[in-house]
Amino acid sequence: METCRNCGLGIEDNNDLISCFKYKTLSNSQEEKTDCLYFIERIIEDGEPLPPIQHLLLVEQELGKRKMKISINNGLRM
């Protein structure tokens, strides 16, 4: 399930709240985020999760690839 608690951009706060590194918002840790463009599963490397900034860079890189792919495909249409 895609929740803020499972997101690599989520920073655990007090009172079961999660702070979003991207949007700088607080939300319930169990709130469903299936429509969040920046949701990314936590990536564990050497037993430790990557920091939120690295998760954000990975998401933005992936979004950039999709954007480029769409613009290239649209440019080839005649």
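Quick notes on this structure:
- Exposed GluC sites (Glu not before Pro) absent - longest run of the chain, DSSP non-H/G/I/E/B, at most 16 other C-beta within 10 Å: 32-78
- Where chymotrypsin sites (Phe, Trp or Tyr not before Pro) fall in DSSP loop in the range 1-70, at most 11 other Cβ within 10 Å: Tyr23
- Rounded to whole Hz, the Karplus (6.51, -1.76, 1.60) HN-Hα couplings of the range 43-54, x for glycine and proline: 9, 9, 10, 6, x, 10, x, 5, x, x, 4, 5
- All aspartates and glutamates inside 14 Å of Lys24 as judged from Cα atoms, apart from same-chain residues fewer than 8 positions distant: Glu12, Asp13
- Among Ile44, Ile11, Ile53, the residue with the largest mean-square fluctuation in a Gaussian network model of the chain, with springs joining Cα atoms closer than 10 Å, is Ile44.
- Nonlocal amide H pairs with Arg42, under 5 Å, H built at 1.01 Å: Gly8
- Pair Glu48, Asn28: separation of 7 Å Cα→Cβ label points (nm): 3.3 nm
- Mean ellipticity per residue at 222 nm, deg cm²/dmol - from DSSP H runs of n ≥ 4 across the chain, formula -39500 (n - 2.57): -11500 deg cm²/dmol
- Here the range 4-76 has an Rg and Dmax of 14.4, 52 Å, counting Cα atoms alone.
Every read-out reported here was derived from the displayed coordinates using simple, explicitly stated rules and does not represent laboratory data. Quantities reported herein were computed from a predicted structural model and do not represent experimental measurements. All Cβ positions, even for glycine, are placed from backbone atoms using ideal geometry, and neighbour counts span all protein chains on display.
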